[in-house]
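The values are calculated or read from the model by the stated rules, or taken from the named source; none is laboratory data. Just so it is clear, the structure is predicted and the values come from calculations on it, not from any experiment. Because the Cβ atoms are built from the backbone with ideal geometry, glycine has one as well, and the counts that use them run over all protein chains shown.
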Amino acid sequence: MPFEFSRLEIPDVILIKPKVFSDERGFFMETYKYSEFASFGISERFMQDNHSLSSKGVIRGLHYQNPPKAQGKLVRVVVGEIFDVAVDIRVGSPTYGMWVSEILSSKNKKMLYIPPGFAHGFCALSDVAEVVYKATAEYAPECEAGIIWNDADIGIEWPVTNPVLSEKDRMWPNLKDAVNLFVYGSER
């Protein structure tokens with residue numbers, strides 16, 4: 001099997017380690033294979049790919065799309081390193097408001113699957129970080145929503161105290177005030 005799947009402390013968020021074949025020429029790895037992902041329970045079809053470049057200290061997030069255009073994401077880093085975060089925003093979930101994080105990098109080649117019902121964000125740890133992710137729904141501005149990166153009720157332990165943020169990311173509300181249509185058990 002070309003992938004090793006493991007569930008994080010919030011079991012719906014899944015860490016994926018691809019099998020990497022290295023030799024004197026470089027390396028080869030599969031980054032996605034529907035049959036392998038589906039056998040572990042990730043059976044959504046990915047509809048859009050995104051690619052971002054960020055400099056050190058940039059935080060992007062915390063973002064999500066509400067139903068009916070909710071997005072699951074498969075995140076990986078192709079250049080540099082990030083601190084990647086998923087926050088459970090499913091009302092009624094036993095892990096509501098909790099977060100998990102992983103260091104993803106071009107060196108460790110780990111990927112993170114974040115299902116619908118989670119807010120996602122990351123902080124660039126390297127001078128430059130390029131992040132590529134697949135989404136299970138296309139971008140829909142009418143469903144776009146977010147949570148402020150430093151919501152005290154969530155308490156994410158970010159690796160920066162004074163991040164570089166977009167204007168939009170500075171303006172998101174706290175989770176308790178956010179437009180959030182996710183209800184545990186009905187997010188897909």
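Has the stretch 114-123 got any residue that is under 15 Å from VAL77 (Cα atoms) and in contact with a Ser or Thr (Cβ under 9 Å, 6 or more places away or on another chain)? Within the stretch 114-123, one or more residues are under 15 Å from VAL77 (Cα atoms) and in contact with a Ser or Thr (Cβ under 9 Å, 6 or more places away or on another chain). Checking each residue of the stretch 73-81 against the condition of being within 20 Å of VAL13 (Cβ to Cβ) and among the small types (Gly, Ala, Ser) gives no match.
The set of residues from the stretch 74-96 being surrounded by fewer than 20 Cβ atoms within 10 Å (Cβ to Cβ) and touching a strand residue (DSSP E or B) at 6+ places or on another chain (Cβ under 7 Å) comprises VAL78, VAL79, VAL91, GLY92, THR95, TYR96.
Residues that are surrounded by fewer than 17 Cβ atoms within 10 Å (Cβ to Cβ) and more than 27 Å from GLY80 (Cβ to Cβ) within the stretch 130-158 comprise ALA140, PRO141, GLU142, ALA152, ASP153, listed in sequence order.
For the stretch 159-183, the candidate set comprises residues that are surrounded by fewer than 16 Cβ atoms within 10 Å (Cβ to Cβ) and either in a loop (DSSP other than H, G, I, E, B) or under 17 Å from the mean Cα position of the chain (by Cα) (or both); within that set, the residue that is modelled with the lowest pLDDT is THR161.
Only a single criterion out of (1) under 16 Å from ILE59 (Cβ atoms); (2) assigned to a loop (DSSP other than H, G, I, E, B); (3) hydrophobic (A, V, I, L, M, F, W, C) is not satisfied by ALA137, namely (1). Being polar (S, T, N, Q) and surrounded by fewer than 18 Cβ atoms within 10 Å (Cβ to Cβ) holds for only one residue in GLN48, GLN71, GLN65, and it is GLN48. Among the residues that make up the stretch 22-33, is at least one of them closer than 14 Å to TYR133 by Cα and surrounded by 13 or more Cβ atoms within 10 Å (Cβ to Cβ)? The answer is yes; a qualifying residue exists.
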